[in-house]
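Pasting a structure below so you can have a look.
The values are calculated or read from the model by the stated rules, or taken from the named source; none is laboratory data. What you are looking at is a predicted structure, and each value in this text was computed from that prediction instead of being measured. Backbone-built Cβ (ideal geometry, glycine too); neighbour counts: all protein chains shown. What goes into the accessible areas is simple: the full protein's heavy atoms, side chains included, and nothing from ligands, DNA or RNA. Shrake-Rupley method; radii C 1.70, N 1.55, O 1.52, S 1.80 Å.
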Amino acid sequence: MKAVILHDRIPPDANFDHQDVLYQSEAIANLLVELGYDPVEISISLNLKKLIEALKAINPSIVFNLVESIEGQGRLIHLIPSILDYLKLPYTGSKTEPLFLTSNKILAKKLLIKAGILTSPALSLGGIKYNEKLNVSGLYIIKSVWEHASQGIDEHSVIAVEDKHQLIEALQSKEDQLGGECIAEQYSEGREFNLSLLASPKGPEVLPPGEIIFEDYPQEKIKIVCYRAKWVEGSFEYLHTPRTFEFSSLQDHALLRRLKKIAKKCWNLFELHGYARVDFRVDKCNNPFVLEVNANPCISPDSGFIAAAAKAGLSMKQVVERIIGDAFQTAFPGLRYKILPKIKKQCSSFLCV
């Protein structure tokens, strides 16, 4: 039984976050073998015709979709599930529309606000230019509209502005660094939480919430999970942002119940599948704001998602099995997923298309 693992083509000079997908893919390939599949890795490019031909030739039973961008462009992420839908192949994770909507921070925020879910207010370049009466004085963090994994975000991403002209200039100056269109999101001091969700036969299970601790940060240092905090081992930010799953106060437990409820609401709002992660900022008044809904979070062995799963008593193999089971049930409603007999094969091939 063939299983295809799709991921971005990784150039030799790729950033740390792009390189991580190879580690992720290798771990999943090994687990697929344990689950009875003969995995084939495909590294994709913009040659989508070649990808379609390769998938038709292999005709896999399941496709494990790890694509986070195409040729470094996160805005193209939805093309892969669209192709898989066209080929009528079962695949893991969320469908075309949820991936598109959650990847575009402007659209995602509009939907969250419409659903009554608190999210950090954000402004686009166009929204600022065409609103003459807009008051924008305050602190903002400049982010890419499309890119994730904290790409291009550092302490200089948080700026103080007095008027919209300063904010427009800041957005325009960051476009090259952030890979295109940007947004200015209101910044506030607070706590940072990640809530991972995993499909189950009874619906999405919210795994134990994790909090990122800004440990020993100087008072003047901006407390954000920047690119270095996520990816640059040995940096101050990486070493001083540990994750904790331990909470003791009654106030924390009440907050976590709220976060879990909101995370499930986000799952249902965007019609997510397989697995996801919702990131929160909780301000000093204990108000939880959704920062991002990630429809295809990293599930490398050392990721926060797998750490949360382990806290819930789930191995990575069980996580992968659940994700695959959800993919089959999505493609074939009413089908009961069953583990295939084990086979003793390693990943049979690696294709670049």
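Give just the number: which of (1) in contact with a Pro (Cβ under 9 Å, 6 or more places away or on another chain); (2) on the phi > 0 side of the Ramachandran plot; (3) open to solvent by 10 Å² or more (accessible area, probe 1.4 Å) does G36 not satisfy?
Answer for G36: the failing condition is (3).
Quickly run through the range 110-143 and pick out the residues that are open to solvent by less than 20 Å² (accessible area, probe 1.4 Å) and under 21 Å from the mean Cα position of the chain (by Cα).
Result: L112, I117, T119, S120, I141, I142.
Next question. For the range 198-226, which positions are of a type in the set (G, A, S) and either assigned to a helix (DSSP H, G or I) or open to solvent by 20 Å² or more (accessible area, probe 1.4 Å) (or both)?
S200, G203
Among the numbered criteria (1) crowded, with 20+ Cβ neighbours inside 10 Å; (2) over 16 Å from the mean Cα position of the chain (by Cα); (3) not in a strand (DSSP E or B), which one does E185 miss?
(3)
If you check N194, N131, N135, which single one turns out to be touching a strand residue (DSSP E or B) at 6+ places or on another chain (Cβ under 7 Å) and either in a strand (DSSP E or B) or more than 29 Å from E237 (Cα to Cα) (or both)?
Just a single option satisfies the conditions, and that option is N194.
Might you let me know whether the range 63-74 holds any residue that is touching a helix residue (DSSP H, G or I) at 6+ places or on another chain (Cβ under 7 Å), among the acidic types (D, E), closer than 21 Å to L198 by Cα and in contact (Cβ under 8 Å) with a residue 24 or more places away in the chain?
First pass over the range 63-74, keeping only residues touching a helix residue (DSSP H, G or I) at 6+ places or on another chain (Cβ under 7 Å): 63-70, 74.
Among the residues that remain, those that are also among the acidic types (D, E) are: 68.
Within this subset, residues satisfying the condition of being closer than 21 Å to L198 by Cα are 68.
From what is left, the residues that are in contact (Cβ under 8 Å) with a residue 24 or more places away in the chain are 68.
Yes, because at least one residue in the range 63-74 is touching a helix residue (DSSP H, G or I) at 6+ places or on another chain (Cβ under 7 Å), among the acidic types (D, E), closer than 21 Å to L198 by Cα and in contact (Cβ under 8 Å) with a residue 24 or more places away in the chain.
Among the residues of the range 293-308, is any surrounded by fewer than 21 Cβ atoms within 10 Å (Cβ to Cβ) and hydroxyl-bearing (S, T, Y)?
Within the range 293-308, one or more residues are surrounded by fewer than 21 Cβ atoms within 10 Å (Cβ to Cβ) and hydroxyl-bearing (S, T, Y).
Next question. Looking at the range 1-16 only, could you name the residues that are assigned to a helix (DSSP H, G or I) and either open to solvent by less than 10 Å² (accessible area, probe 1.4 Å) or small (G, A, S) (or both)? I'd like the intermediate steps shown before the answer.
As a first pass, look at the range 1-16 and keep what is assigned to a helix (DSSP H, G or I): 16.
Listed by number, the list is empty, since nothing qualifies.
Of everything in the range 114-164, what is β-branched (V, I, T) and touching a Pro at 6+ places or on another chain (Cβ under 9 Å)? Give them in sequence order.
In the first step, residues of the range 114-164 are kept if they are β-branched (V, I, T); the result is 117, 119, 128, 136, 141-142, 145, 153, 158-159, 161.
Answer for the range 114-164, where residues must be β-branched (V, I, T) and touching a Pro at 6+ places or on another chain (Cβ under 9 Å): there is none.
For (1) under 20 Å from A108 (Cβ atoms); (2) modelled with pLDDT under 95; (3) surrounded by 20 or more Cβ atoms within 10 Å (Cβ to Cβ), each residue gets a yes or a no:
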site	(1), (2), (3)
R228	no, yes, yes
F236	no, no, no
S249	no, yes, no
A254	no, no, no
F270	yes, no, yes
P288	yes, no, yes
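Next question. Regarding the range 49-61, can at least one residue be identified that is on the phi > 0 side of the Ramachandran plot and either in a loop (DSSP other than H, G, I, E, B) or open to solvent by 40 Å² or more (accessible area, probe 1.4 Å) (or both)?
Yes, the range 49-61 contains at least one residue that is on the phi > 0 side of the Ramachandran plot and either in a loop (DSSP other than H, G, I, E, B) or open to solvent by 40 Å² or more (accessible area, probe 1.4 Å) (or both).
Residues of the range 150-163 being open to solvent by 30 Å² or more (accessible area, probe 1.4 Å) and either over 28 Å from E237 (Cβ atoms) or free of Cβ contacts under 8 Å to residues at least 40 places away in the same chain (or both), which ones?
If the condition is that a residue be open to solvent by 30 Å² or more (accessible area, probe 1.4 Å) and either over 28 Å from E237 (Cβ atoms) or free of Cβ contacts under 8 Å to residues at least 40 places away in the same chain (or both), then H156, I159, A160, E162, D163 are the ones that fit.
Of all residues being of a type in the set (D, E, K, R) and in contact (Cβ under 8 Å) with a residue 60 or more places away in the chain in the range 93-109, which is surrounded by the most Cβ atoms within 10 Å (Cβ to Cβ)? Just the residue, please.
That would be K105.
Within the range 123-146, take every residue that is within 21 Å of D176 (Cα to Cα) and among the β-branched types (V, I, T) and give me the one that is modelled with the lowest pLDDT.
Among them, the one singled out is I128.
Here is a list: E147, E71. Which entry is within 20 Å of the chain's Cα centre (by Cα) and surrounded by 15 or more Cβ atoms within 10 Å (Cβ to Cβ)?
Being within 20 Å of the chain's Cα centre (by Cα) and surrounded by 15 or more Cβ atoms within 10 Å (Cβ to Cβ) holds for just one of E147, E71, which is E147.
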